[in-house]
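Chemist: Okay, here's the structure, questions in a sec.
The values are calculated or read from the model by the stated rules, or taken from the named source; none is laboratory data. All figures in this text were calculated on a predicted structure; none of them were measured in a lab. Neighbour counts run over all protein chains shown; Cβ positions are idealised from the backbone, glycine included.
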């Protein structure tokens with residue numbers, strides 16, 4: 001139990017660091033909300049190493065801590081909506097036979113952006129925000145692909161047995 005807790009703590013710290021690094025990187029596209037989604041790498045790794053319950057805990061804790069450390073209430077609201085919907089889609093995607101970790105990551109990136117746009121539409125009562133959806137979905141697809149490849153590479157370099165292996169790893 002102690003090794004698992006330590007590993008989950010490191011994955012949470014990794015997600016927070018990636019979130020902070022991401023906040024420092026200016027993206028030249030001028031589209032509100034467009035980010036690389038770097039913290040999702042940690043959530044994806046947690047999902048494949050430990051399972052859904054642990055990945056959800058890391059994801060929710062990351063969103064709350066990041067929001068309080070680097071953002072505000074609206075940051076938490078938007079991040080939470082994207083993180084929860086993305087997590088739901090990735091959890092479902094992980095169960096689909098033949099869908100790789102890269103495919104799961106792409107689906108998660110797109111779901112994150114979709115949820116955030118829908119929350120923005122609801123909050124502002126402005127349907128014109130939907131015009132941002134195509135470039136955000138494209139960004140989510142590209143970054144999801146890159147993060148999925150990275151996660152696959154990381155998992156390929158970890159021992160196949162150990163305290164972090166709680167599920168069958170046939171989805172690598």
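Chemist: Looking at the range 113-132, I want the residues that are more than 25 Å from residue 144 (Cα to Cα) and have a partner that is part of a helix (DSSP H, G or I) and at pLDDT 90 or above with Cβ atoms under 7 Å, at least 6 apart or on another chain. Which pairs are those?
Modeler: Every condition considered, the pairs that remain are 127/121.
Chemist: Determine whether residue 159 is surrounded by 11 or more Cβ atoms within 10 Å (Cβ to Cβ) and modelled with pLDDT under 90.
Modeler: Values: surrounded by 11 or more Cβ atoms within 10 Å (Cβ to Cβ): no; modelled with pLDDT under 90: yes.
Considered against the rule, which asks whether it is surrounded by 11 or more Cβ atoms within 10 Å (Cβ to Cβ) and modelled with pLDDT under 90, residue 159 comes out as no.
Chemist: Run residue 97 past the list (1) buried (at least 17 other Cβ atoms within 10 Å of the Cβ); (2) not in a helix (DSSP H, G or I) and report the number of the one that doesn't hold.
Modeler: The single condition residue 97 does not satisfy is (1).
Chemist: Let me ask something additional. Would you check which residues across the range 1-50 are more than 30 Å from residue 128 (Cβ to Cβ), touching a helix residue (DSSP H, G or I) at 6+ places or on another chain (Cβ under 9 Å) and assigned to a loop (DSSP other than H, G, I, E, B) and list them?
Modeler: Answer for the range 1-50, where residues must be more than 30 Å from residue 128 (Cβ to Cβ), touching a helix residue (DSSP H, G or I) at 6+ places or on another chain (Cβ under 9 Å) and assigned to a loop (DSSP other than H, G, I, E, B): just 50.
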